[in-house]
Every structure is written in structure tokens, then in C-alpha cells.
1. Any idea of the accessible area per residue across the chain, 1.4 Å probe, to the nearest Å²?
2. For the range 24-130, give the percent of accessible area contributed by carbon and sulfur heavy atoms, probe 1.4 Å, rounded to a whole number.
3. Note down the nm distance, to one decimal, between modelled labels 7 Å out along Cα→Cβ at residue 27 and at residue 83.
4. Want the number for residue 98 to residue 42: 0.36 nm per residue separation, take away the alpha-carbon distance, what's left?
5. Around residue 212, under 15 Å between beta carbons, what's the net of Lys plus Arg minus Asp minus Glu among the other residues?
6. Could the peptides 226-239, 176-189 be put in order, highest first, of the mean number of other beta-carbon atoms found within 10 Å of their residues?
7. Quick one: dipole size for the chain, taken about the Cα centre, charges +1 on Lys/Arg Cβ and -1 on Asp/Glu Cβ, in debye to the nearest 20.
8. With Rg/Rh (Cα atoms, Kirkwood Rh) defined as stated, name the option among [x] 0.96; [y] 1.07; [z] 0.93 computed from the structure displayed.
Amino acid sequence: MSDLIEGYLGKTVEGKKSRTPAKLDYVQSATGLFLGLFMWGHMLFVSTILISKDFMYSVTKFFEGSFIFSEGQPVIVSFIAFIVFVVFIAHAAMGMRKLPGNFKQYQVMKAHANSMGHEDTKLWFTQAFTGFAMFFLGSVHLYIIMTHSAAIGPYASSDRVWSEWMWPLYILLLLAVEFHGTIGLYRLCVKWGWFDGANPKATRAKLKSIKKILTVFFLVLGFATLAAYMKIGMDHADKVGQRYNPTIAKVESTIMEGIK
């Protein structure tokens with residue numbers, strides 16, 4: 001009964017304001033921070049293909065636990081992807097609370113935003129739109145990683161991007177993730193006043209500049225990385241399914257054949 005009263009009135013049976021919205025805001029912020037930092041780390045990981053196939057392969061094996069298991073265990077990547085997916089769904093659920101429930105509410109919010117002419121309010125609409133897109137695009141990507149964690153590598157990932165026609169989805173996901181993530185981290189800093197200092201207004205201006213720089217940096221890095229996977233996928237299109245053999249393994253194989 002107390003939950004029912006609180007749901008209708010927004011107050012507890014003791015007449016106090018409900019703390020639930022604040023707690024849910026905290027959960028939304030915490031999950032958003034985790035996902036934003038994970039996004040940057042993930043982008044740096046996949047971009048190792050720009051250095052070399054061998055480097056990307058070695059980083060992949062590292063995340064599979066090759067420093068513990070000689071060949072690595074892809075199930076470790078599946079487990080990590082599952083944890084990220086759970087946090088992703090929790091964050092999406094928290095974010096949906098603040099979306100307009102019908103067109104009338106959207107009209108009111110849009111009119112209010114236009115009358116204010118406030119840049120941060122416009123950023124919220126961008127974040128809401130990209131978040132909605134990510135709910136579908138990100139779910140597909142995470143599901144694929146969870147169920148095909150063994151198919152990550154220079155050739156396997158490139159085949160998925162090019163031969164399995166995932167590149168259109170990845171283009172949309174890249175745009176949504178980078179705009180949503182950088183805006184979200186900026187708004188977290190403003191909301192919780194992490195770097196306010198003596199002059200919050202000046203700090204906000206600096207944070208906006210940093211946000212723009214990070215957005216451009218990760219978009220350029222992301223598209224360069226995607227282009228690299230597409231190029232490798234095109235060159236490997238007639239050998240789909242063949243896994244990458246690192247240079248050191250090729251050298252060892254050549255030496256062994258020479259000995260024989």
C-alpha cells in the first residue's frame with residue numbers, strides 16, 4: 001500500500017518526499033559513467049588494427065586471458081560483454097524515465113527548449129535521440145559479441161564488418177555512441193559539479209570545448225578504424241572464415257619446415 005501511495009503522490013506515507021527519483025538518477029549517472037569510459041576504452045582497443053594486424057591479434061588474446069591460458073578463452077570476452085549488456089539495459093531503463101511519454105509532452109518540451117534557446121537543453125535532445133538509436137544498434141552489437149566471442153580478430157572481425165554487411169550498422173552505431181557518450185559525460189560533470197572550481201561558468205565553457213575535441217577525435221579515430229576493417233574485409237572476401245595467423249607463428253612454422 002505504501003508503494004501505491006508513493007506512486008500516486010510522490011510522497012511516502014509519512015508525508016516525506018520520495019527519494020526514489022534521486023536514487024534512480026544516481027544509478028543512471030553511475031551506469032552512464034561506466035559505459036562512457038568503457039566506450040573510450042573499447043574504441044582504443046578496436047583501433048589497434050591501425051597499428052598492425054599482429055598488435056590487434058595480441059590485444060584480443062590478452063582480453064581472452066592469454067596471460068593465464070596459453071590459447072586464451074573467448075568465454076571471458078562473452079562474460080565481459082554480458083556484464084556490459086546488463087549495465088547498458090539498466091542505463092537505458094533509467095534514461096527512459098525522462099523521455100516524453102506522448103507527442104503532446106514532446107511538443108511541450110520542444111517549445112520550452114526553443115523558447116529558452118539554451119545549448120545544454122538542445123544537447124539533451126541530441127542525447128535522447130542517440131540514446132534511443134543506441135538501444136537497438138548497441139543491443140545487436142553486444143549480442144553478437146556475446147554469442148560470437150571466438151570470432152574476434154583481424155580477419156574474423158573484418159569479415160563480419162564487410163562480408164556479413166555489418167558496416168552500415170557500425171556507421172550508425174559509431175555516430176550514436178560518440179555523440180551520446182561525450183554529451184553524457186559532459187552533462188555528468190555539470191550535473192554533479194565535479195570540476196566546478198571557483199568559477200563554474202568558466203569551467204562549463206572549458207568542458208564544452210573538451211567535449212567537442214573528444215567528439216571529433218573519437219569520430220575520426222572510429223571512421224579510420226572502420227575503414228581499415230572494411231579494407232581488410234574486402235581483401236579477404238574470397239577467404240571468409242579463415243582465421244588470422246600471427247607473424248610469429250608464421251616464422252616459427254617456416255623454421256620448423258626448414259629443419260624438417
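1. Accessible surface, normalised per residue, equals 61 Å².
2. 72 percent
3. Taking the simple label geometry, residue 27 and residue 83 are separated by 2.0 nm.
4. Here the segment from residue 98 to residue 42 would lengthen by 17.4 nm.
5. My count for the surroundings of residue 212 gives +3.
6. 176-189, 226-239
7. 1120 debye
8. Working out Rg/Rh (Cα atoms, Kirkwood Rh) from the coordinates points to [y].
The values are calculated or read from the model by the stated rules, or taken from the named source; none is laboratory data. Fair warning: this is a prediction, and the values are worked out from it, not measured in the lab. As a convention, Cβ positions derive from the backbone with ideal geometry for all residues, glycine included, and neighbour counts pool all protein chains shown. All accessible areas refer to the heavy atoms of the entire protein, side chains included, with ligands and DNA or RNA removed. Shrake-Rupley method; radii C 1.70, N 1.55, O 1.52, S 1.80 Å.
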